[in-house]
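Engineer: Okay, handing you the structure first.
The values are calculated or read from the model by the stated rules, or taken from the named source; none is laboratory data. Given the structure is predicted, the values throughout are model-derived calculations rather than measurements. FYI the Cβ positions are ideal-geometry reconstructions off the backbone, even for glycines, and counts take in every protein chain you see.
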Amino acid sequence: MHLDTGPVRPGEELNLPSLADWLRGRIAGAERGITLEQFPSGHSNLTYLLQIDGLEYVLRRGPLGPVAPKAHDMGREFRVLQMVHPYFPEAPNVFHLCEDTAVLGSVFFLMERRHGLILRDEIPPQLAKMPNYAERASKGFVDCLIRLHAIDISRTGLIVLGKPEGFLERQVQGWADRWKRATTDDMPKIDRVIRWLIDHRPSSPAPTLVHNDYKLDNVMLSEDSAERIEAVLDWEMATVGDPLADLGLTLCYWALVEAPQLRARGVPSLTSQPGWYTRDQFVQRYAEGTGRDLSQIGYYEVLGIFKLAVILQQIYYRFRRGQTQDTRFQNFGDRVKGLVELADSLAGKST
């Protein structure tokens, strides 16, 4: 068993004979057998480690049960990675996409396995023994986002991944619509947040590639250099649009020391430990590396917290309707409430 994988969770098994049959002729040695383990993290998409003929592959598939329209689009994530990898090597290479749901019950794809450290609830010992690891990892994390936002979307053809015109307007409207579809409890403050986001929308800088979920546990750090990023994961929501929307969401996950609501609601607070960049250092390094005007960053942070609240609410909605039995989700209603209150208070301060 690998350190970062475990046995497949009950109810999340894959049909191995069916998978082996599909892989035959696509992956050398598949007919000689497949070893399967599961990556334990993630609240929705399921990720597995396949070992075939001495080589390792990662299999990604959508969650079990009904999901929100357009969410967890594995076919899109495959195509995004296929396009982005040549220009941004931190995006893993992909091999095969299966859109025939008869094989495993949902669309899935295979991609390369990358090795490194993923930071979740604690600092791995390999990282802890590196000098100034927190500052170096902070720097590497910000610089990787700067590189991502520096890719020329016109020259590379990546502009086809989204519609930059009206991006911010669509973001607010789209996430507000998702909220309406997933509502379980009356929350008047959310209406106030949505109204504020509509009324205070800034004009966007020139569009870039946007990852849309760039956070510490979606990057893989090198095992021997604290500032080197081995991989950026979870590309299913990547698009083209306002880069500051990416930065705003990233800052929500980059624990605000003065925002206990985020920590109490389950957003890991590793980055509030000594040595990590403060929010101001993070913003300053990004501003210096990109030359972008960050005077409106407060708006993007409220948008980020609102999006995070909606994502958790969609999961909680599925739990409440009995579409998933995963008990990790039972307190998500409280987490959503805390995030909505935080967004509302930050909007008040940014007015």
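Engineer: Within segment 326-351, track down each residue that is under 30 Å from Pro10 (Cβ atoms) and touching a helix residue (DSSP H, G or I) at 6+ places or on another chain (Cβ under 8 Å).
Structural biologist: Within segment 326-351, Asp326, Phe329, Gln330, Phe332, Gly333, Arg335, Val336 meet the criteria.
Condition check ((1) polar (S, T, N, Q); (2) modelled with pLDDT under 95; (3) assigned by TED's automatic domain parsing to the domain that holds Ala20; (4) in contact with an Asp or Glu (Cβ under 6 Å, 6 or more places away or on another chain)) across all residues:
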position	(1), (2), (3), (4)
Gly75	no, yes, yes, yes
Met83	no, no, yes, no
Ala102	no, yes, yes, no
Ser138	yes, no, no, no
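Engineer: Being of a type outside the set (D, E, K, R) and modelled with pLDDT under 95 narrows it down to one of Ala128, Ala206, so name that one.
Structural biologist: On inspection, the qualifying residue turns out to be Ala128.
Engineer: For segment 18-47, enumerate the residues that are assigned to a strand (DSSP E or B) and under 19 Å from Thr324 (Cα atoms).
Structural biologist: Within segment 18-47, Gln38, Leu46, Thr47 meet the criteria.
Engineer: Pairs please, first residue from segment 18-47 and on the phi > 0 side of the Ramachandran plot and surrounded by 13 or more Cβ atoms within 10 Å (Cβ to Cβ), second anywhere and modelled with pLDDT of 90 or more and part of a loop (DSSP other than H, G, I, E, B), Cβ atoms under 8 Å, 6+ apart in sequence or on different chains.
Structural biologist: Close Cβ pairs satisfying both conditions: Gly29/Asp53; Gly29/Gly54.
Engineer: I would also like to ask the following. Looking at Gly174, is it more than 28 Å from Phe39 (Cα to Cα), within 19 Å of the chain's Cα centre (by Cα) and not aliphatic (A, V, I, L, M)?
Structural biologist: Numbers: more than 28 Å from Phe39 (Cα to Cα): yes; within 19 Å of the chain's Cα centre (by Cα): yes; not aliphatic (A, V, I, L, M): yes.
Against the criterion (more than 28 Å from Phe39 (Cα to Cα), within 19 Å of the chain's Cα centre (by Cα) and not aliphatic (A, V, I, L, M)), Gly174 qualifies.
Engineer: Additional query: Suppose we keep only residues that are under 14 Å from Tyr253 (Cβ atoms) and basic (Lys, Arg) within segment 278-309. Which one would you say is modelled with the highest pLDDT?
Structural biologist: So, considering only residues that are under 14 Å from Tyr253 (Cβ atoms) and basic (Lys, Arg), the one modelled with the highest pLDDT is Lys307.
Engineer: Further question on the same structure: Of everything in segment 220-261 that's at pLDDT 95 or above and of a type in the set (Val, Ile, Thr), which residue is surrounded by the fewest Cβ atoms within 10 Å (Cβ to Cβ)?
Structural biologist: Val240
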